[in-house]
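Engineer: Once you've had a glance at the structure underneath, I'll fire off some questions.
The values are calculated or read from the model by the stated rules, or taken from the named source; none is laboratory data. Computed from a predicted structure; not experimentally measured. Ideal geometry is used to build each Cβ from the backbone, glycine not excepted, and the neighbour counts take in all protein chains shown. With ligands, DNA and RNA removed, areas are computed over all heavy atoms of the protein, side chains included. Shrake-Rupley method; radii C 1.70, N 1.55, O 1.52, S 1.80 Å.
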Amino acid sequence: MLEKLIEIMRDVCEIEDDITPESRFVEDFGLSSLDMFKLISEVEETFDVSINTRRLQKIRVVSDLVNELDK
């Protein structure tokens, strides 16, 4: 799942840096709220899930998103 998420991040957000589970979306990659919206939308479509808006606010690092997908 992590590998697919990294692939989506590279495609949607055009991230070329190394992506690890500890990577921070804003601080490390400079993603804006619009970037995060695009990313989450693509993740929801790809994995056929819906992520609760309240939970989105707690997603800060890649592993947070992976954990949310595991639920």
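Engineer: What helices (runs of 4 or more DSSP H) lie completely within the range 1-59 and have 1 or more residues being within 17 Å of L69 (Cβ to Cβ) and at pLDDT 95 or above?
Structural biologist: 2-13, 33-47
Engineer: Check whether at least one residue in the range 24-32 is in contact with a strand residue (DSSP E or B) (Cβ under 8 Å, 6 or more places away or on another chain) and touching a residue at least 12 places away in the same chain (Cβ under 8 Å), and report yes or no.
Structural biologist: The answer is yes, given that some residue of the range 24-32 is in contact with a strand residue (DSSP E or B) (Cβ under 8 Å, 6 or more places away or on another chain) and touching a residue at least 12 places away in the same chain (Cβ under 8 Å).
Engineer: Follow-up. Return only the number of the condition from (1) in a helix (DSSP H, G or I); (2) in contact (Cβ under 8 Å) with a residue 40 or more places away in the chain; (3) open to solvent by 50 Å² or more (accessible area, probe 1.4 Å) that V66 does not satisfy.
Structural biologist: (3)
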